Structures are given as C-alpha cells and as structure tokens.
Amino acid sequence: MSDPALGLLMLGLIVVVIMMGFATAFTLMGLGMFFGFIAFYDPSQNWTQNRVFDLMVQRTYGAMTNDVLISIPLFVLMGYVMERGALVDKMFYSIQLAFRRVPASLAVATLIVCTFWGIASGLVGAVVVLMGVIAFNPMLRAGYDVKLASGVITAGGTLGILIPPSVMIIVYAAVAGQSVVKLYAAAMLPGFFLAFLYLVYIVAWAMINPKIAPPLPEEQTRVNVPEWIRKFATVYSPNMFVALLKALISPARAKELEIDGKAMGYGAIVQNFLVTLVPFLMATVTLGTVWWYVVIHQQAAGASDAVEGLQQLGSATVEKEATPAEKGPDFQFYLWFAISTAVLALWAARSYLRMDGERFEVLKLLTSSVMPLGILTVVVLAVILFGITTATESAAVGSAGAFLLAFQARTLDWKRTKEAVFLTAKTTAMVCWLFVGSALFSAVFAILGGQALLESWVLSLNMTSVQFMILSQAIIFLLGWPLEWTEIIIIFVPIFLPMLKHFNIDPILWGTLVFVNLQAAFLSPPVAMSAFYLKGVSPKHVTLNQIFAGMMPYMLIVILCMVIMYLWPGMTLWLPNYLYGG
C-alpha cells in the first residue's frame, strides 16, 4: 500500500474508532504513533530510534507553549463558577415578567436566558441542563407543545459556544493560526443574528398556531408589587420616577412608610431612584462609549502614534496602513449615530412616561438579576475588542468577576469552588491532549502524503470559490451528525485550511461559517448532545424522538443564517475590518 493510501486509511480509521466510543485524544495519538512508525521506519536502525518519538515530543512541547491556549482554562473557570454560583432562576423569572405580553413569552424568555447565560458561561451542556430544570417543566405545565419547549432549550443552549467569549473560537484560532480578537469580532454579529432568527421563528410560530403556546394564566403574569410601592404611589404620584424624584426633594412623607419591615430612610429613596435611572444610564453609556471610541479615542491614538513614530534623520521608515477606525468617522457614522440617539431617546422617554408600580418592580428584578452579569460580560468582550487587553488577560478579568458575583450572591461555597476548579482542570487537560493528538495526527497525515493527495484531488475538480465553499461546509455539516465540534475542528478543519488561499477565501469568514455550521452538530442526531442533556432532566413521558423533532427546524435556521452570511459577508467581516483593518 502506498503512503498516500495509508494516509487515507488513517483518516477513515479515526472516524470509525471515534464512533466506536474510544477517547478522541488518545485515539489520535495512537493512530499517529502507529502510522508514523510505519512512515519513519528504517530497517537499518533500532526501533527505539524511530523519528516518530521525536515528533511526539516536539508536538507535545508545541501544544504546551501555545500562547493562544492559555485563555482556555480561565474562560472555562469563568463558566463553571457562573454555573455553580449564579441565580439563573431569578433571571428567568424577571425576563419572563418583562416579556409577559409577547406570544410564547415563556419560550422567548427561555431563549433570551439561554443566549445570555451561554455567553457568560460558554458551556453548552450546563446551559441546556440548567434551563431544562428551570424552564422545561413550566412550559409543559403551561400547555406548550413539547417540540417547541425542547427545541428552544436545545437550540438556545448551543449559542454560548458561538457568541464570544467562546472556547471553540480559541481552538480554531490555535489550529488555523488566526487572531483570536479578529475571530471574536467576526463571530459577534452572526451569533446575535442567529439568536434573532430563532426568536423570530418562535414568535411567528406562536402567532400562526396559538395552540402550541397558550397564553399564560393571570396568576403567572401578575407582578407582585410590594405594599410600600402602592402606598408610595398613592402619597406622591402613580409614576414611580416622578414619585421618587419628589421624595428626594421632600422625603418627610416617605419616611413614614415601611420597606422590608423597616422605616424608609433617605438612603432607600436614593437607591430606588437610581434604579429608575437604569434605562437612561444604559442609553447614555452605550452612546457615550461608541462616541468616545469612534470619534475621540482613535484620533487621540493616531496623534500619539505620530509623535512616537519620529525617527532619526536617515533612518528607514515603515508606514502602516491605518485601519478604518483610525481614519476617523465619515458622514454615515454621524447620520446613524443621530438616528440611534433619537431612537434610544424615544425609548427612554416612553419608559419613564409608563413607569408605574408594576414596571418599576420588573425593572428592579431585571437590574438585580441581569445587570451584574451583563456588565461583566460586556466588560470582558469590550476590553478584548477595543484592544485594551489580550484574550488571556480578559479571561482573567472574567474569572475574577465571576467569583465576585458568586460571592456577592452568596451561592458559592468551598465545595462548589472545588468542583469548578476540578472541572476546569479536567476540561483544560482534555483540550490540551486533543491538541497534542491532533498535531501528531496532522503531521503524520501530511508526511504520508494524504494532505497533498486531497489537495490535488480538490484542485483537479476545477471548482469555483463558491463551489468549494459549499462543498467544504456541506462536508462539515455531515460530519456534525456523527462527530462533536472538537473532533471536527481539530481533525478535519486543518485539511481544508491550506486550500483556502488557492480559492481566495478569507479564513476569518470561512471559520465563522464553520462556527455557525457547528451549531448543527449539537442539534443533529444521532450524536446530538443537546438532546441527551435535555433528556436527562426531562419528564419520563418526553421521548428522545420528540426532542429530535423539536430541534430539526433550528437546523434549517442555521442553514438560512449561513446563506445570509455568505451573501452578505459584511455582517461577518465589517467589525474586524473596522477595528483591526483587513
């Protein structure tokens, strides 16, 4: 058998052996050692002198010294701490009340929490199990269709592996040799766009067929307004913003009321008034951050670079092309900024005009349950995208913030901390051994000529860039049925990467399409891990086939999202090109 044939045999065996249930990392290393021994075999030397052992040491050392992988244990630790230490049930309750008048409000709240919690933790299994425990039974008791309830949990739970900060993106960056921050920026808009498509599907299906998501009874949509808010509104004004503003000026009558069994002090008035300012602060901080980065920060950075770039007379100068962000804003930015400001101003004004006791209580619940985690997530992503810190430093900030939130919520004890650290070490070891096995497997596969054989075969087909893009994504889509995302990225993605340059395909765009494509790997039987996670916590009458049937429409939505991404590549490439150039 020729060497290229051995390489193809090696590639086929890895799929068969993994499907038989063997550990992926050690299967990769075992096959790499076996076929590498054959590739390097020299009868004139002792078998202990075979160069495959040197190759194994080199690949192991290369994985250990890979700077990109350092951020993985920190992001994983952040996810496990958030899983064991935060209050998902309170977040679900508050979001469900906020969307109580939307069709299929429980499913909408479930999707939003899945997306939000998935971003914070990045753990698919943990999110699906948590939401299965918290939201699945309430949806079934409310008369929701089993397919709708199971589909929204399994599909929404996978979004955390797509929207940054994501371990999958870090793994691809290490395999493809691409920038983590560029990939994070590229995956941001497609990730939220996919979540938006899920949301549109759920609401549209509930509007077309109301029987699958009956309206909730009044007792489940009623907001439990505390007695002090009712009295406060009677004394001052039905509008809580106006009432609290009056109480700040004239607190005498407010101090006669009781809150939580204690007389209301001036501090409580100030604290509740600050809660009413949350919509205004959100709009102001968002617009102010955008204005600072686009208009002020980049111009100041450009002036600083010009001063620091002075060189001695006669020295060589190297001009760096400025990124679109460094060139300054154009007219379109000011136009869209004005439109966004007007929209946010109208939204804030509407919120304050309608802020009665019920809406104020919902705002308090959202502020206490969603805002701390939201601030942490935004900070972790912003410091990466704006170039303030590296991905590893941002992961350290996120881990520290996760501990602070858990301690503040008083839900993280010593036992749960040990569990989070142990699971982090276990997951990190698995990823590192996967990289060692993948590096050895890929090297032996290339040495045997398997990579060159596949490249020559693909090039002989004389495909266009579009045809190659469709073929590669279709193969990855089909591989997602029997395999998990780790095997696909570590084993099969490196086979396609060398061909991208020939077809003039951006590896950032292609990689982001792979990220979205791999959402289907969690939703496609027979190895649909999301379905098995949900089945483990679902009632006995819910069958695996019902869960599979509920996931199928979301696979079609994933394909639709990929088509839109390819037809409109700006959705993927605009943000990384704007921030870092392209």
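Remarks
- Against the rule of thumb 2.2 N^0.38 Å, how large the Cα Rg of segment 409-560 comes out: 1.30
- Shape category assigned to segment 354-499 from the gyration tensor of Cα positions, a/c cut at 1.5: prolate
- Accessible area per residue for the chain is 48 Å², calculated with a 1.4 Å probe on protein heavy atoms, without ligands, DNA or RNA.
- Highest to lowest packing among 188-194, 539-545, 569-575, scored as the average C-beta count within 10 Å: 188-194, 569-575, 539-545
- Protection proxy ranking, peptides 202-213, 109-120, average beta carbon neighbours within 10 Å, highest first: 109-120, 202-213
- Within segment 365-463, the trypsin sites (Lys or Arg not before Pro) that combine a DSSP coil assignment with at most 14 other C-beta atoms in a 10 angstrom radius are ARG410.
- Cα-based helix-to-principal-axis angle, 507-517 vs the chain, degrees rounded to 10: 70
- Gyration tensor verdict on segment 366-439 (Cα atoms; rounded if a/c is under 1.5, prolate if a/b is larger than b/c, oblate otherwise): oblate
- Note on surface exposure: LYS182, LYS231, LYS262 rank LYS262, LYS231, LYS182 by accessible area, highest first, 1.4 Å probe.
- Between helix 71-85 and the chain: long-axis angle, C-alpha atoms, 0 to 90°, nearest 10: 40
- Nearest-20 debye value, segment 160-232 charge dipole, Cβ charges on Lys, Arg, Asp, Glu: 100
- Crossing angle, helix 278-291 versus the chain [Cα axis fit, 0-90 degrees, rounded to tens]: 40
- Three-way shape call for segment 1-155 based on the alpha-carbon gyration tensor, with the a/c threshold at 1.5: prolate
- Orientation-averaged projected area, Cα convex hull of the chain (nm²): 34.7
- Carbon/sulfur fraction of accessible area - the chain, other protein chains in place, 1.4 Å, %: 67
- Largest-first ordering by accessible area, 1.4 Å probe, given options GLU258, GLU393, GLU361: GLU258, GLU393, GLU361
- Positive-pole candidate from TYR80, LEU274, ALA187, dipole of the chain, charges at beta carbon: LEU274
- Candidate cross-link partners of LYS147 among the lysines, defined by an alpha-carbon separation under 16 Å and a same-chain spacing of 8 or more, comprise LYS211, LYS535, LYS540.
- At 1.002 mPa s and 20 °C, Stokes D of segment 7-78 from Kirkwood alpha-carbon radius, µm² per second: 148
- Highest average packing first - 167-176, 334-343, Cβ atoms within 10 Å: 167-176, 334-343
- Computed extension gain for PHE386 through HIS541, at 0.36 nm per residue and net of the alpha carbon distance, reaches 50.9 nm.
- Estimated purely from DSSP H runs of n ≥ 4, each contributing -39500 (n - 2.57), the mean residue ellipticity at 222 nm for the chain is -22500 deg cm²/dmol once divided by its residues.
- With K and R counted +1 and D and E -1, the other residues having a Cβ less than 14 Å from that of TYR61 yield a net charge of -1.
- Scalar couplings 3J(HN,Hα) for segment 216-226, obtained by applying the Karplus form with A = 6.51, B = -1.76, C = 1.60 to θ = phi - 60°, are 6, x, 4, 5, 8, 10, 6, 8, 7, 7, x Hz; x denotes Gly and Pro.
- Over the chain, Cα pairs under 8 Å with separation of 6+ residues give a relative contact order of 29 percent.
The values are calculated or read from the model by the stated rules, or taken from the named source; none is laboratory data. The structure displayed is predicted, hence computed values, not measured ones. We place every Cβ from the backbone using ideal geometry, glycine too, and count neighbours over all the protein chains shown. Protein only, heavy atoms only, side chains kept; ligands, DNA and RNA dropped before computing areas. Shrake-Rupley method; radii C 1.70, N 1.55, O 1.52, S 1.80 Å.
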